[in-house]
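Enquirer: Have a look at this one.
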Amino acid sequence: MAGLYLHIPFCKSRCIYCNFYSTTHADMRQWYVDALCKEMEMKKPTPSQRDGKLSTIYLGGGTPSQLTIPQLHQLFYNINKVYSPTSHLSPLISEITIEMNPDDVTVEYAEALSQLGINRVSMGAQTFDDERLRFLHRRHTAEQVAKAVKRLRAVGIQNISIDLMYGFPNETIEDWQRDIDAALALNVEHISAYCLMIEEGTPLYQWTIDNSQLTIDEEVERQMYETLIDKLTAAGYEHYEISNFARPGYRSLHNSSYWKDIPYIGLGAAAHGYNGKKRSWNVADIKQYVESIEQGVIPCEEEFIDEDTHYNDRITTALRTSDGLDLTTLSDRHRRYCLQEALRFIDDGLLKLDNNHLSLTRKGLFVSDYVMSSLIMV
Ligand code: SF4
């Protein structure tokens, strides 16, 4: 069962910390949606591949909620036509997610999502401090997040995720605790939380050079991550991936498929795909993408995954999860290598081995990059 990912690279405005590929040129949306539908047709599964092959759909960005309602209908009409020809989105598709900005959740838009069968919404809340939201050049306010959750509930969407960020310049542990409490008060099913990355080339990068005395240090970030884990697990959320927390039964199925080595189809500029043997990625440029699709050529590069690369991918994905890496899925050679390298981390209490599953301990979560990079083959 594969996942389907559609990349929607449009944003109404750009946030100062973001280095994702997106544009504010809304006039290109229809041109782009037409190309997405055409790429879908070009990647149409053969009849023998078709039945039951799609398990999740994810519209990510950018800001997918910048698409108009008719454009969403056009996309779903085509998804239905290409992937589940016998029904209005096959019941086998268990999770259909759209990423949204809270200020895009109007009553009309929420109703349209529900009509289309979208059953999960992921919203970038980031913080509930309006001043900080303005500093980040986010368009919404804290109040709009609560309003959006209410509107989504009112149309029957019972699986809502919000994104939070921590580690902002000048942020204190108390500020962060207030943000977590505000998130918990919304009673959503899923919370993702990321430490702010200061990426080169972003306006925030330049700002931190000019205001370096206001950035926070690694020890405070570590305490913030501790606080996050403590508060969310105490509130009943499962900490099922380094940055992801879910109420029981509400883990993200689509994102979990990346961590479980399940193939996925990627559509759109900058979208990635994986079929179990090779990885592909489309050009990260809307104009080049659309022009190429119009010529009947998918503008992508590909990489065949050899056994060692596949092993390395398993280390850097499965080890992110609380379920960990199932060692019985590895070849004898890779299992031996993995165990040999993991031994010192098990002794140090950074990894644990349980029923053939290798996973990070709580202590290991704080040095996950170091542990994972030590287990990969170079
Ligand atoms: S809305 Fe999301 S994708 Fe767009 S600029 Fe902001 S963080 Fe980046």
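The values are calculated or read from the model by the stated rules, or taken from the named source; none is laboratory data. Note that the structure is a prediction, hence the values are computed from the model and not measured. Note that each Cβ is placed from the backbone with ideal geometry, even for glycine, and that neighbours are counted across all protein chains shown. Only protein heavy atoms, including side chains, enter the accessible area calculation; ligands, DNA and RNA are left aside. Shrake-Rupley method; radii C 1.70, N 1.55, O 1.52, S 1.80 Å.
Enquirer: Which one of these is in contact with a Pro (Cβ under 9 Å, 6 or more places away or on another chain) and in contact (Cβ under 8 Å) with a residue 24 or more places away in the chain: A112, A125?
Expert: A125
Enquirer: Take R134 and decide whether it is free of Cβ contacts under 8 Å to residues at least 60 places away in the same chain, open to solvent by 60 Å² or more (accessible area, probe 1.4 Å) and basic (K, R).
Expert: Yes: the conditions hold for R134.
Here's the yes/no breakdown for (1) open to solvent by 30 Å² or more (accessible area, probe 1.4 Å); (2) within 16 Å of the chain's Cα centre (by Cα):
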site: N159; (1), (2): no, yes
site: N170; (1), (2): yes, no
site: A183; (1), (2): no, no
site: H190; (1), (2): no, yes
site: I209; (1), (2): yes, no
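Enquirer: Can you tell me which residue is farthest from the ligand (Cβ to nearest atom) among those in region 97-147 that are part of a strand (DSSP E or B) and of a type outside the set (S, T, N, Q)?
Expert: Looking at residues that are part of a strand (DSSP E or B) and of a type outside the set (S, T, N, Q), I get R120.
Enquirer: Given the criteria of a type outside the set (A, V, I, L, M), touching a Leu at 6+ places or on another chain (Cβ under 7 Å) and away from the ligand (no atom under 16 Å from the Cβ), does S94 qualify?
Expert: yes
Enquirer: Only one residue in I157, I191 is assigned to a loop (DSSP other than H, G, I, E, B) and in contact with a Leu (Cβ under 8 Å, 6 or more places away or on another chain). Which one?
Expert: Exactly one of I157, I191 is assigned to a loop (DSSP other than H, G, I, E, B) and in contact with a Leu (Cβ under 8 Å, 6 or more places away or on another chain), namely I157.
Enquirer: In addition: Please tell me if A284 is in contact with a helix residue (DSSP H, G or I) (Cβ under 6 Å, 6 or more places away or on another chain), of a type in the set (A, V, I, L, M, F, W, C) and not in a strand (DSSP E or B).
Expert: no
Enquirer: Out of G276, G296, G236, I need the residue that is loosely packed, with under 14 Cβ neighbours inside 10 Å, out of contact with any Leu (no Cβ under 9 Å at 6 or more places or on another chain) and either touching a residue at least 40 places away in the same chain (Cβ under 8 Å) or under 22 Å from I118 (Cβ atoms) (or both). Which one?
Expert: Sole residue among the options that is loosely packed, with under 14 Cβ neighbours inside 10 Å, out of contact with any Leu (no Cβ under 9 Å at 6 or more places or on another chain) and either touching a residue at least 40 places away in the same chain (Cβ under 8 Å) or under 22 Å from I118 (Cβ atoms) (or both): G296.
Enquirer: Checking E39 against (1) open to solvent by 10 Å² or more (accessible area, probe 1.4 Å); (2) out of contact with any Gly (no Cβ under 6 Å at 6 or more places or on another chain); (3) away from the ligand (no atom under 11 Å from the Cβ); (4) modelled with pLDDT of 95 or more: exactly one of these is not met. Which one?
Expert: (1)
Enquirer: Ok, one more. Output the residues belonging to region 1-28 that are of a type in the set (F, W, Y) and in contact (Cβ under 8 Å) with a residue 60 or more places away in the chain.
Expert: Y5, Y17, Y21, listed by residue number.
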